[in-house]
1. What do you reckon, is Asn142 surrounded by fewer than 20 Cβ atoms within 10 Å (Cβ to Cβ), in a loop (DSSP other than H, G, I, E, B), of a type in the set (S, T, N, Q) and at pLDDT below 95?
2. Take the residues of the range 83-100 that are among the aliphatic types (A, V, I, L, M), surrounded by 17 or more Cβ atoms within 10 Å (Cβ to Cβ) and near the ligand (Cβ under 10 Å from one of its atoms): which is nearest to Thr138 (Cα to Cα)?
3. Restricting to the range 101-130, give me the number of residues that are within 11 Å of the ligand (Cβ to nearest atom) and not polar (S, T, N, Q).
4. Within the range 410-429, is even one residue crowded, with 17+ Cβ neighbours inside 10 Å and in a helix (DSSP H, G or I)?
5. For the range 278-303, name all the residues that are of a type outside the set (A, V, I, L, M) and more than 26 Å from the chain's Cα centre (by Cα).
6. Please pick out the residue among Ile351, Ile388, Ile319 that is of a type in the set (A, V, I, L, M) and closer than 29 Å to Ser167 by Cα.
7. Considering only the range 1-18, how many residues are at pLDDT 95 or above and more than 9 Å from the ligand (Cβ to nearest atom)?
Amino acid sequence: MVSKINSIAVLGAGIMGAGIAALAADKDYKVLLLDINEEAAQKGKDSMVSDRAPMLSDLSKINNVNVGSFDKDFELIKDYDWICEVVVEKLNIKREIFEKVEKYRKDGSIVSSNTSGIPLRDITENMPNRLLADVCITHFFNPVKVMKLCELIPGEKTAPRVIDSLSYFLTNVMGKGVVNGKDTVNFIGNRIGCYLILKGLHQGSKARSEGLSQEEIDGIMSRPLGLPPTGLYGLVDLIGLDVMYAVGKNLAVNLPEGDMGIPYVNLPVEEQNMFDKGQLGRKTGGGFYRIQKLDNGEKKKEVFDLTTSLWKDSEKASIEGNLNLILEDSVRGNYAWEVMGSTLSYAANLIPEIADDIVNVDRAMRWGFAWSKGPFQILDELGPLNFINKCKERNINTPTMLEVLLTSGSDKFYSSDNKYLTIEGEYKKIPK
Ligand SMILES: NC(=O)c1ccc[n+]([C@@H]2O[C@H](COP(=O)([O-])OP(=O)(O)OC[C@H]3O[C@@H](n4cnc5c(N)ncnc54)[C@H](O)[C@@H]3O)[C@@H](O)[C@H]2O)c1
């Protein structure tokens, strides 16, 4: 039985597979990197030492990586302690790979998937108990070298030693911030983060009709709310509208009945039109924004006006203000309330469904989405009672964790002596 991980086989040498393999190689672990053919695996290996953005901190560690193909070299996984599947996000392909893994791996090796949101129970449905005891999800964020978060999700039958071994390895060897989630669609970060994005796109149409420009929306959805500078449309350009489309399809199938996200799983009409014509974001040379090169060599940024479907010069909008914008009575404030306010309510309703406590949720959003504060830290900053009052004004039921806070007679989720409010309404020490 493995309790210490000494070697890693990474299956899939794309952006994420190469990133995970590079991180382990950098820490001097033996890594096997396989893909559909050796060229694909070699391309992944080469990307670790690319001039532009090397994944390895020490380029000589490339020697820790051996490449091969699924067809010829799969049986080599028998010598590896942790087998991490990182192939394309398609359920049937992941299942095929898992069946092969189970055939060749040694007893007690640990198996994980890096899926962004497919439930583990779907990937492992009807697979043998031997595998079910050794399997879990290790969800790294992109770029692996930079993003601190790794969500660790056990299945129903996963042995505790699997989670303990990985938790130790991911934290102490790979230097990640581990967040414990549950086997629910999109886990923690993507469940909340994608709700914010999809709700933001849907609310965009009303905001535009009230006079907000797309740049102003991005201005609101960045520094004032403690979100990264890409804003909303800039972030979707980075992720790709095709990825958001696929995320929505996965949510449509897997969100539980009555979930607040259900009305937003399809792209709004304007964004669907962009998707249909392949205007997906940076990967296609433009999405909501594009950079045009002028004859004189200078560059200018253009925005795709969703109301007219025409490109025009983009005028960056820096929005003054801070988190209190969420409670402000103005067109900007209404947008912030409908999008970020609603996301805070969503997060507060998702405990204990997606995580046992607020700490895991706050860490997931800070470490995986680069929010400067997690949802419950934001609520503390706004004053949870002010937030509850605004919910009441808008006829919104008090979200679960805010109800817990009210019942416990507290007025903050985090206390000054490093404790957090549990779902039972008690304060507990924040774990390391
Ligand atoms: N890119 C991200 O931001 C990100 C973040 C977190 C998790 N993920 C997840 O990580 C996994 C890999 O994503 P990625 O971004 O590295 O994708 P990618 O497209 O860069 O790489 C996917 C790999 O899968 C391989 N592949 C394609 N078809 C295959 C097949 N039929 N059989 C076996 N392998 C096949 C490809 O050769 C490629 O190396 C996915 O599950 C994705 O959801 C991605």
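The values are calculated or read from the model by the stated rules, or taken from the named source; none is laboratory data. Since this is a predicted model, take the numbers as computed values, not measurements. Methodologically, a virtual Cβ is constructed for each residue, glycine included, from the backbone with ideal geometry; neighbour enumeration extends over all protein chains shown.
1. Values: surrounded by fewer than 20 Cβ atoms within 10 Å (Cβ to Cβ): yes; in a loop (DSSP other than H, G, I, E, B): yes; of a type in the set (S, T, N, Q): yes; at pLDDT below 95: yes.
So Asn142 passes the test.
2. First, the residues of the range 83-100 that are among the aliphatic types (A, V, I, L, M): 83, 86-88, 91, 93, 97.
The next check asks that each one be surrounded by 17 or more Cβ atoms within 10 Å (Cβ to Cβ); those that pass are 83, 86-87, 97.
Among the residues that remain, those that are also near the ligand (Cβ under 10 Å from one of its atoms) are: 86-87, 97.
Details: Val86: 10, Val87: 13, Ile97: 16 Å.
Within the range 83-100, the match that is nearest to Thr138 (Cα to Cα) is Val86.
3. Of all residues in the range 101-130, those within 11 Å of the ligand (Cβ to nearest atom) come to 113-118, 123.
Among the residues that remain, those that are also not polar (S, T, N, Q) are: 117-118, 123.
So the answer is 3.
4. no
5. Our first condition is that a residue be of a type outside the set (A, V, I, L, M); within the range 278-303, this holds for 278-279, 281-290, 292-293, 295-302.
The answer is Gln292, Lys293, Asp295, Asn296, Gly297, Glu298, Lys299, Lys300, Lys301, Glu302.
6. Details: Ile388 fails: closer than 29 Å to Ser167 by Cα; Ile319 fails: closer than 29 Å to Ser167 by Cα.
Residue meeting the stated conditions: Ile351.
7. So the count comes out to 6.
Condition check ((1) farther than 17 Å from Ser205 by Cβ; (2) not polar (S, T, N, Q); (3) not in a loop (DSSP other than H, G, I, E, B)) across all residues:
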{"position": "Leu235", "(1), (2), (3)": "yes, yes, yes"}
{"position": "Met244", "(1), (2), (3)": "no, yes, yes"}
{"position": "Val253", "(1), (2), (3)": "yes, yes, yes"}
{"position": "Gly278", "(1), (2), (3)": "yes, yes, no"}
